[in-house]
Amino acid sequence: MLSDEHKRQRVEISQILLHRCQQEGDETADVGPCGDHCAGNKVLEHLITGVETWLHLSTPETKRDSMTWKHPSSPVTKKFKVQQSATKVMATVFWDSHGMILLDILPKGESVNADPYCETFDRLRHAVRHKRPGPLRSRVALQHDNATPHTAKGTKKWLECYKWDIIPHPANSPDLAPSDFHLFGPVKRHLGGKKFEDEDELIGEVRDWFSKLDANFFTQGIYSLLPRWQKCIALHVDYIEK
């Protein structure tokens, strides 16, 4: 359950971001995946969202994914259950409405703190220059959560040098973070039931999966922020499911 203060922050930040979208919107924009004229076109078009997640060398299937269709008279089949591996890697993922920009892996033995995170930002800056066309390259609106490495003084100074626009994100709100509500679920389902020999094989599989995703997948994930902000303001609930 969220505290009243967390709920207040969620509503306040959602209002701020919707207002920005309306101010910077383009009324002549094409109809977007939200089903309306994307009032947030200019904000969300430049948005890059990023977050960390653990990837395991073996990931169990979800109950739904492990189900197979059978006739009532079919014999019972035995399935070997894949256990979640204790061996894991920390991946930092950055993406926008056009596709994946950077998948960065924390080296073995390093802890998640401001220093490696700033190094990741340096690689992200080079990836933006390489993967984004001119107009998008000139402006970056970055959304990441309030984890300690993201809010450290060193990180803030690093980002100030880039002159990137930092999009506020309310604490304890995975339902307002596209990586959490749109990206990681499909990734984990894809990895479900698979076992990898080493980290390189695991990361190679994830990179390959990202490269095969349709561009609409990324567009829908980013632009679904608009109705989620609207619902957050209107409903004042703990979490938005869809």
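Coordinate-derived values only; no laboratory data. This one's a predicted model, so the numbers in the text were calculated from it and none came from an experiment. All Cβ positions, even for glycine, are placed from backbone atoms using ideal geometry, and neighbour counts span all protein chains on display.
Just a few scattered comments:
- Amide H contacts of Q143 (H built 1.01 Å from N, in plane; Pro and chain starts excluded): I48, T49, G50, I167 sit under 5 Å, all sequence-distant by 5 or more or on other chains.
- Among S58, S179, S111, the order by Cβ neighbours within 10 angstrom, fewest to most, reads S111, S58, S179.
- Value of Rg to Rh for segment 84-188 (Rh from inverse mean 1/r over Cα pairs, i.e. Kirkwood): 0.95
- FRET efficiency estimate (nearest 0.05) - Cβ-Cβ, K156 to V237, R0 25 angstrom: 0.20
- Sites listed here are GluC sites (Glu not before Pro) in segment 153-220 whose DSSP assignment is loop and whose Cβ has at most 12 other Cβ atoms within 10 Å: E197.
- Legend: ranking of residues F181, F94, F217 from fewest to most surrounding C-beta atoms inside 10 Å; resulting order F217, F181, F94.
- Residue order for D104, D208, D238, fewest other beta carbons within 10 angstrom first, comes to D208, D238, D104.
- With a simple spin-label model that places each label point 7 Å from the Cα along the Cα-to-Cβ direction, the separation between H130 and K163 comes to 2.4 nm.
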